[in-house]
Amino acid sequence: MQEISQAIAAAAALVGSGDSKLVAIMLLSLRVSLCAVLLSALIGLPLGAALAIGRFAGRQTLTVILNAFMGLPPVVVGLFVYLMLSRAGPLGQFGLLFTPTAMVIAQVVLITPIIAALARQIVADAWQDYAEQLKSLGAGFTQSVRTLIWDTRFSLLTVLLAGFGRAVAEVGAVMIVGGNIDGVTRVMTTAIALETSRGDLPLALALGLILIALVLLLNTCAHLIRQTAQRRYG
Amino acid sequence: MAEPRRLLPLEISELSFRINGRTLIDRVSLTIRPGTRTVILGPNGAGKSVLMRLAHGLLDPSAGRIRWNVPEPRPREQAMVFQRPVMLRRSARANIEYALKLAGVPGRERADRAAAALARVGLERIARSPARVLSGGEQQRLALARAWALDPQVMFLDEPTASLDPGAAREVEDIIQAIHETGTKIVMSTHNLGQARRLADDILYLQAGRIEESATAAEFFRQPRTAHATAFIQGELPWH
């Protein structure tokens, strides 16, 4: 018990001191996951909205696949991306394995289905209300997709935050494709896994505390944004 | 400027609409001519909304024909206002500008036309307010302004006052009258006899998906020809 409380005290001191190694790891985590969310949003939001609005063959199948892929195990995604990026793989020539770019790719694969599936649900609900009015005004498919994404923007923002939370807290995929190389691809989760196994509990705990604080902060933001938007825009 | 192509008359012949084994519109034939205010009257569930959605192009008929005087009217030429207005999550003025944009109105004209449209329905003061937090009556007036801004030749109104309190309903009726006076053909559904008396020039009496009577309002209210219409008028009269 005493060991734990000592570790917590040390962790708090580490966070308070702004340790440069700690900060570097944290910033890399943020950079990788923000890039991943941005790319996933560009793919996932239009995809989800198109699935909600469109009436095309294979739509149901795609929706089921998307929902199933929400629960993809990160290590499997990591393995898949590893195979793609490894020297012998189809994308091996780009030499991306064990770089932050590889981690971004893995996280994009992981969270795009989440963002698309949640966006699909939100847009589909709104579409129930909007469909006749937009058709009456002469909006085609692309215009309707754009309008619905913009009109559900506050709900979609919380979807993106959920995606970010998943990406930044994930360890399996980035461990495999990033390799947890000190100063290059070591992020908060992989550092926690490593330091714990090495017995450096203060650093692991400090990172853990930061991660928890970050996720809490995100969810608070999501909550406040929705509430304010609901009051102001209806 | 070229003479705008004339949409009317609208010829509907042997029009039917069936869904899930139920016939909602049953071999309806009618002609909509310009100039007058046509009110589609009938009890709830008679098929008034479905008939207007078919004419407006929101639903595809199961059988029969809908023929405008021109092929494929554009949305800006014939607009529709719904019982429950759907406002986009943006300002009142932006809602109108959105409709103008879809109708192909050039960007530099949109702001002025939207402002003018708001002024016509007395909403210029809330131009910048988010549309979805307006009251029900204000939202319906905004919906009318949005449709009116397109300067349509025909405007379909589906029970436009059914969800409003009497004061707001009266304001909406005044706007409908003003739209009529600018030359836009009004085709409106209602189950409210008082409203039909106030606004109708022509009555189409719809019951169970069939047009039972087509008459001028004066004729219809003086001497309905069918038992259904007579009962409808008498049943409703004590409360209006």
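Summary of computed values
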{"quantity": "Cα convex hull volume per residue for region B:1-90 (Å³)", "calculated": "145 Å³"}
{"quantity": "Chain lengthening between A:Ile4 and A:Leu34 when straightened (0.36 nm per residue, less Cα-Cα)", "calculated": "7.6 nm"}
{"quantity": "Rough spin-label spacing in nm, given labels placed 7 Å along Cα→Cβ, for B:Arg198 and B:Gln223", "calculated": "2.9 nm"}
{"quantity": "Cα gyration tensor shape for chain B, rounded if a/c is under 1.5, else prolate or oblate", "calculated": "prolate"}
{"quantity": "Relative contact order [Cα under 8 Å, 6+ residues apart], region B:68-200, whole percent", "calculated": "31 percent"}
{"quantity": "Within-9-Å neighbourhood charge of B:Ser16 [Cβ basis; K, R +1; D, E -1]", "calculated": "0"}
{"quantity": "Within chain B, helix-based [θ] at 222 nm, where runs of 4 or more DSSP H residues each add -39,500 (n - 2.57), nearest 500", "calculated": "-11000 deg cm²/dmol"}
{"quantity": "Chain A: most fluctuating residue of A:Phe94, A:Phe164, A:Phe69 per GNM, C-alpha cutoff 10 Å", "calculated": "A:Phe94"}
{"quantity": "Inter-chain shielding of A:128-134 (mean C-beta neighbours from other protein chains, 10 Å cut-off)", "calculated": "5"}
{"quantity": "Over region A:70-123, relative contact order from alpha-carbon pairs under 8 Å, at least 6 apart, %", "calculated": "37 percent"}
{"quantity": "Cα Rg over Rh - region A:2-233, Kirkwood", "calculated": "1.05"}
{"quantity": "Contact order relative to length of region A:98-220, as percent, for alpha carbon pairs under 8 angstrom and 6 or more apart", "calculated": "32 percent"}
{"quantity": "Efficiency of FRET between B:Glu181 and B:Ala208 - r from beta-carbon atoms, R0 30 angstrom, step 0.05", "calculated": "0.30"}
{"quantity": "Shielding by partners - mean other protein chain Cβ count within 10 Å, residues of B:130-139", "calculated": "2"}
{"quantity": "Whole-angstrom Cα spans of region B:104-219 along principal axes, big to small", "calculated": "47, 30, 24"}
{"quantity": "Those trypsin sites (Lys or Arg not before Pro) in region A:22-103 that DSSP places in a loop and that have at most 11 other beta carbons within 10 Å", "calculated": "A:Arg55, A:Arg87"}
{"quantity": "Rh by Kirkwood over Cα pairs, then Stokes-Einstein D for the protein assembly as shown at 0.692 mPa s and 37 °C, µm²/s", "calculated": "125 µm²/s"}
{"quantity": "Accessible area expressed per residue, the protein assembly as shown, with surrounding protein chains retained (probe 1.4 Å, Å²)", "calculated": "48 Å²"}
{"quantity": "Counted charge near B:Met80, where neighbours are those whose Cβ lies closer than 11 Å (Asp, Glu -1; Lys, Arg +1)", "calculated": "+1"}
{"quantity": "Computed lengthening from A:Asp125 to A:Ile212, 0.36 nm per intervening residue step minus Cα-Cα distance", "calculated": "28.1 nm"}
{"quantity": "Rounded FRET efficiency, nearest 0.05, which uses the C-beta distance separating A:Asn219 from B:Arg27 and R0 of 60 Å", "calculated": "0.55"}
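The values are calculated or read from the model by the stated rules, or taken from the named source; none is laboratory data. The shown structure was predicted, so the numbers you read here are calculated from the model rather than taken from an experiment. Counting neighbours? That spans all protein chains shown, and the Cβs are built from the backbone with ideal geometry, glycine included. Note: accessible area is taken over every heavy atom of the protein model, side chains too, but ligands, DNA and RNA are not part of it. Shrake-Rupley method; radii C 1.70, N 1.55, O 1.52, S 1.80 Å.
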